[in-house]
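Student: Right, I'll just put the structure down here and ask away after.
We did not get these values from a lab; they are worked out from the coordinates using the rules stated. The structure displayed is predicted, hence computed values, not measured ones. Using ideal geometry, Cβ is built from the backbone for each residue, glycine included, and neighbour counts are taken over all protein chains shown.
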There are 2 protein chains.
Amino acid sequence: MQEHIVKAYDSDLSTLKSDLSEMGGLAEEQLGKAIDALLRRDTKLAEAIVLKDEKLDQKQVSVEQQAVVTIAKRQPMAQDLRQIMVAIRIGTDIERIGDLAKNIAKRALAINDPIPTSLTKGLRRLGALSQSQLKQVLDAFAATDAEKAIKVWRNDEEIDAHYNSIFRELLTYMMEDPRMIGSSTHLLFAAKNIERIGDHCTNIAENIHYLVHGEMPKEQRPKRDKTSVTPFSSLNED
Amino acid sequence: MQEHIVKAYDSDLSTLKSDLSEMGGLAEEQLGKAIDALLRRDTKLAEAIVLKDEKLDQKQVSVEQQAVVTIAKRQPMAQDLRQIMVAIRIGTDIERIGDLAKNIAKRALAINDPIPTSLTKGLRRLGALSQSQLKQVLDAFAATDAEKAIKVWRNDEEIDAHYNSIFRELLTYMMEDPRMIGSSTHLLFAAKNIERIGDHCTNIAENIHYLVHGEMPKEQRPKRDKTSVTPFSSLNED
C-alpha cells in the first residue's frame, strides 16, 4: 500500500479497535448489572438492562459497516485482512454477550420465589467467573496478547464445571420441592446464559490467537468427559 | 467498476451464493435428522450428526474468507457491499443453526427415559415448524424474495407460541413425576434449541429484506404479551 493509504488504514483500524473496546466496556457493565439484578431480583435494574441492550446492537452494526467499508477503501492484503475479519467476529461475540446479559435480566423479571442462599452463592460465583473471563479477554484484545488470551481459553473449563454443579443442584431442588420447578427452570436458563458468555469469551480468545499467529489454537480445549452425560449432568452445547 | 471487474465480481457473488445454498441444504439435513434422533432416541444417528457439524463450521469460515477477499479485490461500492455483508451474516446464521441441530442431537444422547406420546407429538410439530421456516427462508434467499422472507419473519410467532405450550407441558410433567425432571430438563433445552433455530430464520429473513430494500423491516414483529411472564411461562430470549 502507498504510505498515505497505510496511514489512513492504521487510523481506520484504531477506530475499529476503540469502538470494540467501548462495546466491550458496555457488555461488562451490562453483565455485572444483570447478575446483580438476578440475585437481588431487582426488577427496575433488570428493565434498564433490557432497554440498554439496543445500544450494543447498534454499535455492532456500525462496527461491521466500518469494517467492510475499510476493506473496500483500503484494499488490505491477506495479512491485514485478518485484523478486519477478527474485528467483525469479536464485534459479533460482544453483541451476543450483551444479548445473553439481557436474557439474564429477563429471567430476573420472571422469577417470583426467593432464591435459596446456597444457590445464590453458586450463581454469584458463576457470575464472577464469567465477568473475570470477559475482563481478561478484553484486556488481552486491547494488548493483542495471545498468551493471555489462551489463559482465558483454558479457564473456560472452570465455568463449565461450575455450571454443571449448579445444574445438578437446581435439579435436586426441583425434585425436593416441585413448587420450585417454575422459578428453578428460569434459574437454569439464567445459569446457562452465563455459561454461554464464557463460550463467547473463548471465541474472542481464539480470534486473538488467530490475529497473532494466523491460526486457531491447535491444542484441544479440555472438555468434561463425554461418557459422563446422563439425565442429571448438564451438557456442553455449541 | 470496469466491465471485467464487474463480471469477476458477479462471478464471486454467485459462488458465495451457491456456497451459502450448499450450507443451507446441509443445515436442513442436520436439523431433520436431529429431530428424528431426538424423538426416536437414536444414538447412532445422533452421533453422526454431532460429527458432521464440523463440515458446516469449515464451510462458514471459507464463505467468510471468500467474502472478505472479494471486497478487497473488487472494491465494490456501498450498494454492492450490502450483498457481501448479507452473505457473511447469513453464513453465520446457518452455521449457528447447525450448532443448534448438533445440540439437539446431544440432548438425544443424554435422555434415558422414553418420551411421553403427547410430548413427542408436540416436539414433532415444533420440529416441523422450524424445518418449514428454514426451508422457506432459504428459498426466499435463493430467489431474493423479500415478500416471502417477511412471511417467514411473521410466522416465527407460531414457533414461539408452540414452544411456550411445550414449556408448560414439560413443567407439568416434572411436577407430576419428579423422576422425570432429569430427562424433561434435557427436552426443555432441546425445545429451546428448536425455538432458537426459528430466531435464526428470522435473522436471515431480515437480511433478505435489507438486501432488497436497504433497511431492516420496520414493523414490529408480533411478540407475545410481555406482561404474561410468570415462572410458568417460557420467555423470549435474544
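Student: So, in nm, how far is label B:Glu54 from label B:Arg40 when the simple model puts each one 7 Å beyond its Cα toward the Cβ?
Tutor: Spacing of the two 7 Å Cα→Cβ label points: 2.4 nm.
Student: In debye, nearest 20, what is the charge dipole magnitude of region B:115-238 about its Cα centre with +1 on Lys and Arg Cβ and -1 on Asp and Glu Cβ, if you could check?
Tutor: Dipole about the Cα centre, nearest 20: 280 debye.
Student: Grab the residue from chain A whose Cβ hugs the A-to-B rotation axis most tightly, plus its distance in whole angstrom.
Tutor: In chain A, the Cβ lying nearest the symmetry axis toward B is A:Ile71, 2.
Student: Now for a different question. Is there a quick way to get the dipole size of region A:89-166? I mean about its Cα centre, with the Cβ of Lys and Arg at +1 and of Asp and Glu at -1; what is the value in debye to the nearest 20?
Tutor: The dipole magnitude comes to about 260 debye.
Student: Hey, what angle do you get for helix A:3-40 against the long axis of chain A, alpha-carbon based, 0 to 90 degrees rounded to 10?
Tutor: Approximately 10 degrees, to the nearest 10.
Student: Mind checking which of B:His209, B:Ser62, B:Leu51 is farthest towards the positive end of the protein assembly as shown's charge dipole, using Cβ charges of +1 (Lys, Arg) and -1 (Asp, Glu) about the Cα centre?
Tutor: Toward the positive end, the furthest listed residue is B:Leu51.
Student: How many partner chain Cβ atoms sit within 10 Å of a residue's Cβ in peptide A:180-187, on average, as a whole number?
Tutor: 6
Student: Return the aspartates and glutamates within reach of B:Lys148: Cα separation strictly under 15 angstrom, same-chain partners fewer than 8 residues apart disregarded; answer none if there are no such residues.
Tutor: The reachable aspartates and glutamates, counting only those whose Cα sits under 15 Å from B:Lys148, are B:Asp139, B:Asp156, B:Glu206.
Student: Moving on to the next point. Starting from a label point 7 Å past Cα on the Cβ side, list the distances from B:Thr172 to the same position in the other copies, nm, shortest first.
Tutor: Spacings between copies for this position, smallest first, are 3.1 nm.
Student: Assigning unit charges at the beta carbon (Lys, Arg +1; Asp, Glu -1) and nothing else, what dipole magnitude in debye, to the nearest 20, does the protein assembly as shown show about its Cα centre? Walk me through the intermediate numbers first.
Tutor: Values: 66 positive and 74 negative charges, 147 e Å.
In debye, rounded to 20, the protein assembly as shown gives about 700.
Student: Using only atoms on other chains, find how many Cβ atoms lie within 10 Å of each Cβ of peptide A:70-79 and report the average. Show your work: numbers first, answer last.
Tutor: Values: counts 2, 11, 10, 2, 2, 5, 3, 1, 4, 0.
That average works out to 4.
Student: For the protein assembly as shown, build the charge dipole from Cβ charges (+1 Lys, Arg; -1 Asp, Glu) around the Cα centre, then report which of B:His200, A:Ala161, B:Leu129 sits farthest towards its positive end.
Tutor: Going by the Cα projections, it comes out as A:Ala161.
Student: Let me ask something additional. Any idea how far the Cα center of region A:77-96 sits from the one of region B:142-186, in Å?
Tutor: After rounding, the separation between the Cα centres reads 33 Å.
Student: Still on this structure, please answer the following. In terms of the Cα gyration tensor, with a ≥ b ≥ c the square roots of its eigenvalues, is region B:113-238 rounded because a/c is under 1.5, prolate because a/b exceeds b/c, or oblate?
Tutor: prolate
Student: Per-residue mean of other chain beta-carbon atoms within 10 angstrom of the beta-carbon, peptide B:108-116?
Tutor: Rounded to a whole number, the mean comes out at 2.
Student: With unit charges on the beta carbons (Lys and Arg positive, Asp and Glu negative) and the dipole taken about the Cα centre of region A:87-207, which residue among A:Asn112, A:Ala143, A:Thr172 sits farthest to the positive side?
Tutor: Farthest towards the positive pole: A:Asn112.
Student: If the limit is 30 Å between Cα atoms, which of B:Lys135/B:Lys218; B:Lys17/B:Lys44; B:Lys59/B:Lys121 go over it?
Tutor: Correct reply: B:Lys17/B:Lys44; B:Lys59/B:Lys121.
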